1. Of the residues that sit in the stretch 32-56 and are within 10 Å of the ligand (Cβ to nearest atom) and among the acidic types (D, E), which one is surrounded by the fewest Cβ atoms within 10 Å (Cβ to Cβ)?
2. Can you name the strands (runs of 3 or more DSSP E) wholly within the stretch 1-48 that have at least 1 residues being closer than 22 Å to K191 by Cβ?
3. Only residues that are open to solvent by less than 30 Å² (accessible area, probe 1.4 Å) and of a type outside the set (D, E): list them for the stretch 61-78, please.
4. Yes or no: the stretch 132-151 includes at least one residue that is without any contact (Cβ under 8 Å) to a residue 40 or more places away in the chain, outside any helix (DSSP H, G or I) and either closer than 30 Å to K5 by Cβ or open to solvent by 60 Å² or more (accessible area, probe 1.4 Å) (or both).
5. Quick one: in the stretch 101-122, which of the residues that are over 10 Å from the mean Cα position of the chain (by Cα) and polar (S, T, N, Q) is nearest to G14 (Cα to Cα)?
6. Pick from R115, R154: which is of a type in the set (K, R), in contact with a Cys (Cβ under 7 Å, 6 or more places away or on another chain) and under 20 Å from Y83 (Cβ atoms)?
Amino acid sequence: MANHKIGIPFVISGPSGSGKGMIVREILKRDSENYRLSVSATTRQPRPGERDGVEYYFISRKEFEDRIAAGEVLEYTEYCGNYYGTLKSEVENLTEAGINVILEIEIVGGNNVRRIRPDTLLFFVIPPDADTLRKRLRGRGTESEESIEKRLARAEKEILLAKDYDYLIVNETDRIGAAADEIMQIVEAEKHRMRYHFDRVAHLFDPADPVGEQ
Ligand code: 5GP
């Protein structure tokens with residue numbers, strides 16, 4: 001499908017501790033040219049090691065609300081007491097340039113993005129079982145016990161909202177590569193959808209415009 005640039009926006013959601021962040025890093029490691037991460041804005045405090053503009057844009061509540069008012073936010077939500085949101089600027093230019101954009105956001109946001117951009121694919125990542133989830137969350141060592149409890153309670157409720165998601169990815173322990181492959185294969189398959197190529201089909205027998213390429 002030469003000369004036909006298609007960038008797919010896709011959401012990866014899953015409970016805290018599902019390992020979705022590691023899967024995202026693996027995808028970017030495998031193909032940093034064709035895949036980028038949308039950096040969200042948040043009002044939560046940075047964790048040790050997190051850098052402004054890399055993991056998130058860390059901004060104040062006032063700035064967040066100003067950006068919403070200015071129409072710069074594609075979707076946002078309040079999660080465990082903080083705002084989190086996707087900036088339009090992180091998604092639009094890249095998909096237009098043929099780059100697949102990963103949105104690592106929670107389910108309500110994922111469903112909202114799809115309403116705004118129906119070409120978005122939705123992936124839901126779960127750990128193999130609930131015990132693994134608990135262990136991964138505690139093992140991270142970055143959250144207080146109160147925050148862990150909040151996140152577990154949220155995970156239990158959130159999972160039920162995933163029924164409109166497109167794909168389930170089970171993130172087995174020590175199989176990050178397999179999970180990344182599954183997602184990348186589905187994204188590549190998506191690019192073959194007829195709706196992205198019908199121009200070419202329609203022009204195949206037109207000598208004035210032999211392949212209808214853009
Ligand atoms: P954390 O505090 O662990 O970095 O993120 C908490 C939750 O917020 C995660 O489920 C994460 O995917 C979600 N999140 C991060 N950025 C965004 C965003 O831009 N929009 C929405 N809706 N959720 C987000």
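The values are calculated or read from the model by the stated rules, or taken from the named source; none is laboratory data. Keep in mind that what you see is a predicted model, and the values were worked out from it rather than measured. Note that each Cβ is placed from the backbone with ideal geometry, even for glycine, and that neighbours are counted across all protein chains shown. Surface areas here come from the heavy atoms of the whole protein model, side chains and all, with no ligands, DNA or RNA. Shrake-Rupley method; radii C 1.70, N 1.55, O 1.52, S 1.80 Å.
1. Here the residue is E50.
2. 9-13, 35-37
3. F64, V73, L74, T77
4. Yes; the residues of the stretch 132-151 include at least one that is without any contact (Cβ under 8 Å) to a residue 40 or more places away in the chain, outside any helix (DSSP H, G or I) and either closer than 30 Å to K5 by Cβ or open to solvent by 60 Å² or more (accessible area, probe 1.4 Å) (or both).
5. N111
6. One residue alone meets the criteria, R154.
Okay, residues lined up against (1) touching a strand residue (DSSP E or B) at 6+ places or on another chain (Cβ under 8 Å); (2) within 13 Å of the ligand (Cβ to nearest atom); (3) open to solvent by 20 Å² or more (accessible area, probe 1.4 Å):
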| site | (1), (2), (3) |
| --- | --- |
| F58 | yes, yes, yes |
| C80 | no, yes, yes |
| V91 | yes, yes, no |
| E106 | yes, yes, yes |
| G109 | yes, yes, no |
